[in-house]
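A short reminder: the numbers here are calculations on the coordinates, not readings from a lab. Quick caveat: nothing in here was measured; it's all calculated off a predicted structure. Here Cβ is always computed from backbone atoms with ideal geometry, including for glycine, and neighbour counts include all displayed protein chains.
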Amino acid sequence: MDAFAINGVKIRLMAQLTVRGFEIHKGFLSPSKQRALIQTLRSVLQAAPLFSPEVPGGGQMSVRMTSAGSFGWFSDKSGYRYVACHPSGKPWPAIPSEVLSIWTALVGGDRLPDCCLFNYYGEGARMGLHQDKDEADFSYPVVSISLGDDGLLRLGGTTRKEKTESLWLSSGDVVVMGGAARLAYHGVDRIRFKSSRLLPKGGRVNLTMRVVT
């Protein structure tokens, strides 16, 4: 990301890329906004601590997760679905306004997301190729926010057989998956552990906002 100054005021330039229909907004969040957002998310984690979901085929995901909003994404031996409560039995906390403002800036405010899924990638964590298809209405995009360590995003098509390509996402990048990319396969191959200083212990946080109902 480049910058220049006008009358002594530093102006930041953000790059927007479109890859296979994925809108990638590089450097959408400034470092100060990233730090503020991490502080905001601490209250979400206190109300709904991270957990390691089971997968239908057995075993657990390598990422830890939680959610905010009316619904949270959940997985166990019964399958993938949205649920109204955290595994503790408590309702999910509300989506912070600071997170919702990113949605409205990129999508608009006529319909706000029902869920903000919080994924934490520690050292060695990854996410296999998958589609986000547990929602009832695919006309709204999924908005994905990257915080912390770099993550290698793999992008595919609407079938597993299509070729894929990969690109690195950095802290502050935001991806909008809508239109042709809404049901595209995607995943995270790996992270560059401790490539960012945003999280004191390292790791990557990925927030994804979705319209569920």
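Things to note:
- Dipole check for the chain: with +1 at the C-beta of Lys and Arg, -1 at the C-beta of Asp and Glu, and the Cα centre as origin, the magnitude is about 480 Debye.
- Proximal lysines relative to Lys194, as straight alpha-carbon distance under 29 Å, when same-chain residues fewer than 8 apart are discounted: Lys10, Lys26, Lys33
- Ile38 versus Cys85: modelled label distance in nm, points set 7 Å from Cα along the beta carbon direction: 3.3 nm
- Electrostatic tally near Arg154: other residues with Cβ closer than 9 Å to its Cβ, Lys and Arg +1, Asp and Glu -1, net -2.
- With contacts taken as Cα pairs under 8 Å at a separation of at least 6 residues, region 3-210 carries a relative contact order of 24 percent.
- Region 63-173: projected area of the alpha-carbon convex hull, averaged over directions, in nm²: 8.4 nm²
- Zone of Ala180's modelled label, taken as backbone nitrogen in region 138-160 under 16 Å from a point 7 Å along Cα→Cβ: 155-159
- Calculated over region 144-191, the projected area of the Cα convex hull averaged across directions stands at 3.2 nm².
- ³J(HN,Hα) computed for each position of region 92-109 - Karplus, 6.51 cos²θ - 1.76 cosθ + 1.60, integer Hz, glycine/proline x: 5, x, 5, 6, x, 4, 5, 6, 4, 5, 6, 4, 5, 5, 9, 10, x, x
- Cβ-derived FRET efficiency at R0 30 Å, Glu162 paired with Asp76, nearest 0.05: 0.55
- For region 3-210, average projected area of the Cα convex hull in nm²: 12.3 nm²
- Only Cα sites of region 45-119 enter the Debye sum here, all with the same form factor; the resulting log10 I(q)/I(0) across q = 0.19 1/Å is -0.79, listed in q order.
- Residues Ile24, Ile191, ranked from the fewest to the most other C-beta atoms within 10 Å, line up as Ile24, Ile191.
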